[in-house]
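Chemist: Sharing a structure with you now.
Laboratory data are not the source of any read-out in this text; all were calculated from the coordinates shown. In this text the structure is predicted, and so the values were computed from the model without any measurement. Please note: Cβ atoms are built from the backbone with ideal geometry, for glycine as well, and neighbour counts cover all protein chains shown.
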Amino acid sequence: MRPFICAALALAVVGFAADARAADALDGTLATCWSCHGVEGASNDHTLPILWGQKAKYIEKQIRDFREGDREDQIMSSMASSIKKDDISRAASLIAAKAWPKTQAVAAAAPDSIEACKGCHGSDLTGGESPEGPAPRLAGQFAEYLTAQMEAFAHGDRRNQKTMQAMMKSLKPDERAGLAAYLAGL
Amino acid sequence: MKTRILLSASALALVAGTAASIAMDYRGGNSAFGDWHGDTPGLMRKIEAGDVAKPGATPSAANRSKVVPRPADAQIKTMPGFTVSDFATGLEGARVIRIAPNGDVFVSQSMPSGSVTVLRPSKDGKVESKETFVTGLTRAYGIAFYPPGPNPKYVYIGMEGKVVRLPYKNGDMKATGPAEDIVTDLKIGGGHWTRDVSFTPDGKLMYVAVGSGSNIAEEMSPRPADLKAWEKAPHSLGSTWGAKEEWRANVLTYTPDGKNKQVYAAGIRNCSGLTVQPGTGTVFCATNERDLLGDNTPPDYVTSVKKGGYYGWPWYYIGANEDTRPDGGARPDLKGKAIVPDVLLQPHSAPLGLSFNPGGMFPAEWKGDAFVAMHGSWNRSLHTGYKIVRLPFKNNKATGEYQDFVLGFTAPSGEENVWGRPVDTQFMHDGSLLFSDDANGVIYRVTYSKDKVAAAEDTGAKKN
């Protein structure tokens with residue numbers, strides 16, 4: 001497998017540093033996002049989530065959680081802290097306004113447990129609301145990313161959504177993988 | 001500058017030792033910088049303040065390492081005469097190691113369990129028994145015995161937002177009472193969650209390391225109207241401010257009851273390993289410097305920490321190099337006031353834990369040297385770090401050099417893969433060195449035997 005490196009950070013960062021307060025500073029920030037998450041909305045590294053077309057409120061909450069330490073990731077903590085607080089909302093809206101990219105994932109059978117997801121993630125699994133806050137779009141997301149997140153919730157490595165921690169803990173690893181495969185193929 | 005010394009000796013590895021010639025290089029200036037491909041046991045480097053590349057001079061990349069299981073044919077590389085073996089396995093999220101006065105090995109497992117595990121070593125350096133001292137302490141990290149000396153009464157643990165202590169007496173493998181909150185106001189967030197803890201040799205003060213709340217203070221509230229007044233106690237020169245950054249990028253001191261908080265030193269972006277040097281009582285920090293300035297900018301470092309010292313973050317790095325990114329404007333008043341750290345390390349190596357060699361097993365001339373665990377890079381085109389290095393000391397002062405000591409965790413099958421991420425080092429009472437790996441949950445033990453060096457030289461001589 002080829003190493004996956006997002007190597008375009010330098011330009012975006014230098015531009016950002018030199019002109020942080022200019023009106024188009026946000027474009028520089030977003031260019032940094034695309035350097036890893038994909039210039040056409042989907043990364044070659046399927047452990048990184050598709051962001052384009054994700055629910056704005058969900059993106060906003062994740063950026064804030066990365067900044068505050070409620071969600072932990074070495075790279076994203078650094079990246080999210082480089083976005084100005086007043087820009088988070090607008091950045092999330094700009095990302096959400098883009099079209100969700102289509103992936104190569106093939107359709108898989110629906111596990112019975114999928115019904116429990118629909119209450120919060122929406123009947124078509126394109127995102128919704130939960131009592132604990134915004135629920136992301138799952139339909140068409142990368143299976144590798146979904147599996148990793150479900151595992152992280154189950155094992156307590158991701159702790160920014162209590163209901164997800166409990167639900168994922170109640171499933172076996174192959175049940176989580178089955179859900180991921182089905183969701184990726186939607 | 002580059003001198004080359006050839007040592008004929010055997011490379012002793014985890015699985016099997018094979019006779020080989022080890023090339024011992026010395027690299028300074030530009031040649032001191034580099035990625036894992038250039039690492040060799042014995043290679044000595046020295047990076048000096050004048051060598052630091054300007055921002056953007058080298059590319060900046062996000063290049064996350066992917067942890068894979070330890071391959072069946074894994075070979076750890078180290079220097080002649082040394083052997084690396086498993087001390088303990090199955091310790092998920094193993095981070096900080098501390099040795100109790102009776103020789104028991106305390107290991108924090110920060111995530112996911114938030115535990116401290118006690119491993120009792122047998123005479124031949126294996127684990128005789130294992131117990132969970134405490135569990136459920138979110139992101140348990142630093143461990144310190146109090147009071148210092150042969151008969152501690154408490155184990156202090158740095159964790160998310162807090163320092164707690166549990167009752168302890170020599171021989172305890174399980175805490176005999178609940179965790180008691182000592183410090184409850186440590187800030188969280190920004191990804192820098194490690195909280196290392198240590199005490200002054202007289203036990204009067206507790207050091208707590210608290211990393212910054214962000215990469216480069218992109219957001220601080222308006223600066224205090226009177227900076228001179230702000231920098232007086234309990235703050236100090238170069239102290240940051242605001243909800244996100246006050247009391248951060250600091251080494252703090254408290255009295256052991258958790259009162260009398262003071263900034264001991266400021267501008268230390270993320271002191272992930274805090275150690276008091278035996279004999280001198282000097283505090284040392286292994287520090288992760290800032291991201292996104294390029295592959296070779298700026299060096300991470302290990303340094304002695306002076307009371308009231310300012311080490312640069314966020315406005316400067318490695319002395320007077322200015323960073324224009326912090327929120328709220330420049331600080332020309334601080335130019336030239338940032339202390340240049342003692343030992344500059346390859347940028348983005350992510351040095352975490354460090355400890356000093358008390359002597360007793362390793363070569364006699366290595367007594368007093370520091371051994372540093374490098375967790376390894378993400379913000380670099382090609383990975384760097386992922387190894388243990390030796391920092392030579394003379395008369396209790398670092399020479400500024402560092403030497404590749406234990407390595408070989410990178411790229412078992414593809415550049416992106418690693419099978420070990422060293423976190424902390426700690427010497428056992430017999431002078432052997434333990435180091436932790438939180439990638440695959442292993443504590444390794446490094447031993448040394450002069451006979452093995454002699455045997456290897458014999459083999460080399462016969463071959464020649």
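Chemist: With a Förster radius of 35 Å, plug the Cβ-Cβ distance of A:His155 and B:Lys394 into 1/(1 + (r/R0)^6) and report the FRET value to the nearest 0.05.
Modeler: On the way: r = 46 Å, r/R0 = 1.32.
Step by step, r from the Cβ atoms, then E = 0.15.
Chemist: Here is a follow-up. For A:Lys118, list the lysines whose Cα falls under 27 Å from its own Cα; do not include residues on the same chain fewer than 8 positions away.
Modeler: By straight Cα distance, A:Lys118 reaches A:Lys55, A:Lys57, A:Lys61, A:Lys98, A:Lys102, A:Lys162, A:Lys169, A:Lys172.
Chemist: From the alpha carbon gyration tensor of segment A:112-184, can you work out the equivalent ellipsoid semi-axes (sqrt of 5 times each eigenvalue) and give them in Å, largest to smallest?
Modeler: Computed over segment A:112-184, the values are 16, 15, 11 Å.
Chemist: Further question: Can you compute the FRET efficiency between A:Asn44 and B:Asp25 using 1/(1 + (r/R0)^6), with r the Cβ-Cβ distance and R0 = 30 Å? Round to the nearest 0.05.
Modeler: Numbers: r = 36 Å, r/R0 = 1.22.
Step by step, r from the Cβ atoms, then E = 0.25.
Chemist: With unit charges on the beta carbons (Lys and Arg positive, Asp and Glu negative) and the dipole taken about the Cα centre of chain A, which residue among A:Gln104, A:Ala135, A:Ser43 sits farthest to the positive side?
Modeler: Comparing the listed Cα positions along the dipole, A:Ala135 ranks first.
Chemist: Among the lysines, select those whose C-alpha is under 30 Å from the C-alpha of B:Lys259, and discard any that sit fewer than 8 residues away in the same chain.
Modeler: B:Lys153, B:Lys162, B:Lys169, B:Lys174, B:Lys187, B:Lys204, B:Lys228, B:Lys232, B:Lys244, B:Lys306, B:Lys307, B:Lys337
Chemist: Separate question: Label-point separation (nm) for A:Ala139 and B:Asp202, each offset 7 Å from Cα along Cα-to-Cβ?
Modeler: Those two pseudo-labels are separated by 7.0 nm.
Chemist: Work through the residues other than B:Ser129 whose Cβ is under 11 Å from its Cβ and net out their charges, Lys, Arg +1 and Asp, Glu -1. Provide the component values of the computation, followed by the final result.
Modeler: Values: positive: B:Arg120, B:Lys126, B:Lys130; negative: B:Asp104, B:Glu128, B:Glu131.
Charge balance in the 11 Å sphere: 0.
Chemist: Here is a further query. Are there cysteines in the protein assembly as shown with no other Cys C-beta under 4.7 Å, and if so, which?
Modeler: Flagged as lacking a Cys partner: A:Cys33, A:Cys117, A:Cys120.
Chemist: Report the local net charge at A:Gly127: Lys and Arg +1, Asp and Glu -1, summed over other residues whose C-beta lies under 15 Å from its C-beta. Could you put the intermediate results ahead of the total?
Modeler: Numbers: positive: A:Lys55, A:Lys57, A:Lys61, A:Lys98, A:Lys118, A:Arg137; negative: A:Glu60, A:Asp124, A:Glu129, A:Glu132.
Combined, the nearby Lys, Arg, Asp and Glu give +2.
Chemist: For a quick protection proxy, order the peptides A:87-98, B:428-439, B:408-419, B:169-180 by their average other-Cβ count within 10 Å, most packed first. Don't skip to the answer; put the middle values down first.
Modeler: Numbers: A:87-98: 16.7, B:428-439: 21.8, B:408-419: 19.8, B:169-180: 13.1.
Highest-to-lowest ranking by the protection proxy: B:428-439, B:408-419, A:87-98, B:169-180.
Chemist: Within 10 Å of each Cβ in B:53-62, how many Cβ atoms from other chains are there, averaged over the peptide?
Modeler: Counting Cβ atoms of other protein chains within 10 Å of each residue's Cβ and averaging gives 5.
Chemist: Calculate one ³J(HN,Hα) per residue across segment B:214-230 by plugging θ = phi - 60° into the Karplus curve 6.51 cos²θ - 1.76 cosθ + 1.60, and present them in order as whole Hz with x for glycine and proline.
Modeler: Along segment B:214-230, the couplings run 6, 5, 8, 6, 5, 9, 10, 5, x, 5, x, 4, 10, 5, 4, 5, 4 Hz.
Chemist: Residues of segment B:328-367 with the amide nitrogen closer than 15 Å to a label point 7 Å from the Cα of B:Arg223, along Cα-to-Cβ, please.
Modeler: Zone members listed by number: B:328-338.
Chemist: Over the Cα atoms of segment B:267-406, each weighted equally, I'd like the Debye log10 I(q)/I(0) at q = 0.09, 0.12, 0.16, 0.20 Å⁻¹, rounded to two decimals.
Modeler: -0.27, -0.48, -0.81, -1.18
Chemist: Starting from segment A:87-186, pick out the GluC sites (Glu not before Pro) whose DSSP state is loop and whose Cβ has at most 14 other Cβ atoms within 10 Å.
Modeler: A:Glu132
Chemist: Once you average over the residues of B:291-298, how many Cβ atoms of partner chains fall within 10 Å of each Cβ?
Modeler: 4
Chemist: In debye, nearest 20, what is the charge dipole magnitude of chain B about its Cα centre with +1 on Lys and Arg Cβ and -1 on Asp and Glu Cβ, if you could check? Walk me through the numbers before you get to the answer.
Modeler: On the way: 52 positive and 48 negative charges, 119 e Å.
The dipole of chain B has a size of about 580 debye.
Chemist: Just to be sure I understand: if I project the alpha-carbon convex hull of segment B:141-242 onto a plane and average over all orientations, what area do I get in nm²?
Modeler: Averaged projected hull area, Cα only: 7.9 nm².
Chemist: How big is the dipole moment of the protein assembly as shown about its Cα centre under a simple scheme where the beta carbon of each Lys and Arg is +1, that of each Asp and Glu is -1, and everything else is neutral? Debye, nearest 20, please.
Modeler: I would put it at about 960 debye.
Chemist: How would you rank B:Leu344, B:Leu293, going from fewest to most other Cβ atoms within 10 Å of each one's own Cβ? List each step's numbers first, then the result.
Modeler: Details: B:Leu344 25, B:Leu293 30.
Taking fewest neighbouring Cβ atoms as first place, the list is B:Leu344, B:Leu293.
Chemist: May I pose another question? At 222 nm, what helix-only mean residue ellipticity would chain A give, in deg cm²/dmol to the nearest 500, using -39500 (n - 2.57) for each DSSP H run of four or more?
Modeler: After summing the helix terms and dividing by residue count, I get -15000 deg cm²/dmol.
Chemist: Rounded to whole Å and sorted largest first, list the principal axis extents of the Cα atoms in the protein assembly as shown.
Modeler: 70, 61, 56
Chemist: Next question, about the same structure. In square nanometres, what is the average projected area of the Cα convex hull of segment B:54-447?
Modeler: Averaged projected hull area, Cα only: 18.0 nm².
Chemist: If you don't mind, there's one more thing I want to ask. If each Cα of chain A is one equal point scatterer, what is log10 of I(q)/I(0) from the Debye formula at q = 0.13, 0.20 Å⁻¹?
Modeler: The Cα Debye sum returns log10 ratios of -0.68, -1.57.
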